[in-house]
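Below is one structure, written out as structure tokens; the observations come after it.
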Amino acid sequence: MEEYEKYKEAGKIARDALYMGIKNIKEGRSYKEIAEKIEAYILDRASLAFPVNISVNSTAAHYTPSMHDENVFKKGDVVKLDVGAHVDGYIGDTAKTVEVGTKNYSRLIEAAEKALEEAIKIIRDGIKIEEIGKKIEDKIREYGYNPIRNLHGHSLERYKLHAGISIPNYHSKSKKRLKEGQAVAIEPFVTDGVGIVVDGGIGNIYRIEKDSPVLKQIKNRFNGFPFAERWLYDIYGESTPLKLSFFLKRRMVAPYFKLVEMKGGMVAQVEHTLYITEDGCEVLTA
């Protein structure tokens, strides 16, 4: 039960941080201000499982502001905020989409929310992955949109954000089953585009690719989880760009690329962390 309690605490912290961030997203506010506010909130209570993702409009995932980022929220932006906290390695992962100052994409956002709700209703011990994907896809298509086929939900384990099981947002024909006691993140991505994301350049998020004594500070500080470029300034100061370039050239560190909808479609995302029980699931980030 200790594992469950830590997942539950991480889920609560991630949820509260997400909603605090959502409340602060306003026209003219900077991406960096919001990301740092959320991350400070989490660090006062737990640890960071990954940098706050702030993905706007056709960007679906894997963007966090850099140290010198000048992006600000604009009226009409569709903002995906994805937040992760961990307690002793047990992760809470959650996301929500908001529109800044307009309601042009309310139906797109609703499609993602309803798809997640439908998935939660059927998830239980023994359910096939394909059943979850079909339920998500059916609801998204009912709204007239497309699921993003190459962005998936995932299982969680201690210190493992993506722990080996992928949960597609479409009918994948996967016969794998979820089991009681597993933690999973379910995250429908919905678009009015074609439903494929492609690399859109550096997203300022990185991971250790090759273990090395040179990376000991990074590994110890971030527990092997993804880290942000701006976090490295606490270690290397103004020499961070040179250090990061050195690590990348020697393939010691690898980037997560910003993921954008292939045809420039608008994207909405929602996500909850669930704990699988015998006859259902508990939403840990609600």
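No value in this document is a laboratory result; all are computed from the given coordinates. All values derive from a computational prediction rather than experimental measurement. When we count neighbours, we look across all protein chains shown, and the Cβ atoms used for this are built from the backbone with ideal geometry, even at glycine.
Taking the number of other C-beta atoms within 10 Å as the exposure measure, put 199, 16, 279, 93 in order starting with the fewest.
Fewest-to-most ranking of 199, 16, 279, 93: 279, 199, 16, 93.
By a straight-distance test (C-alpha under 17 Å), which lysines pair with residue 135 as possible cross-link partners, with residues fewer than eight away in the same chain excluded?
Straight-distance partners of residue 135: 114, 121, 173, 175, 176.
Leaving out same-chain residues fewer than 8 places away, which aspartates and glutamates sit with a Cα under 14 Å from that of residue 263?
Hits, sequence-local ones excluded: 192, 199.
Please report, for the Cα atoms of segment 94-177, the Rg to one decimal and the Dmax as a whole number; what are they, in angstrom?
Looking at segment 94-177, its Cα Rg and Dmax stand at 13.8, 43 Å.
For segment 203-258, what does the alpha-carbon gyration tensor say about shape, rounded, prolate or oblate, given a ≥ b ≥ c as the root eigenvalues, a/c under 1.5 as rounded, and a/b over b/c as prolate?
It comes out rounded by the Cα gyration axes.
Classify segment 1-149 as rounded, prolate or oblate from the Cα gyration tensor: take a ≥ b ≥ c as the square roots of its eigenvalues, call it rounded if a/c is under 1.5, otherwise prolate when a/b beats b/c and oblate if not.
It comes out oblate by the Cα gyration axes.
For a quick check: with amide H placed at 1.01 Å from N, whose amide H comes under 5 Å from residue 224's, ignoring anything fewer than 5 positions away on the same chain?
Long-range HN contacts for residue 224: none found.
Starting from the Cα gyration tensor of segment 158-286, take the square roots of the eigenvalues, sort them a ≥ b ≥ c, and report rounded, prolate or oblate (rounded when a/c is under 1.5, otherwise prolate if a/b is larger than b/c, else oblate).
Taking the square roots of the gyration eigenvalues as a ≥ b ≥ c, segment 158-286 is oblate.
What list of ³J(HN,Hα) values in whole Hz, one per residue of segment 270-286 in order, does the Karplus curve 6.51 cos²θ - 1.76 cosθ + 1.60 (θ = phi - 60°) give from phi, with Gly and Pro shown as x?
Values, residue by residue: 9, 7, 9, 8, 10, 10, 6, 10, 4, 10, x, 7, 10, 7, 8, 10, 7 Hz.
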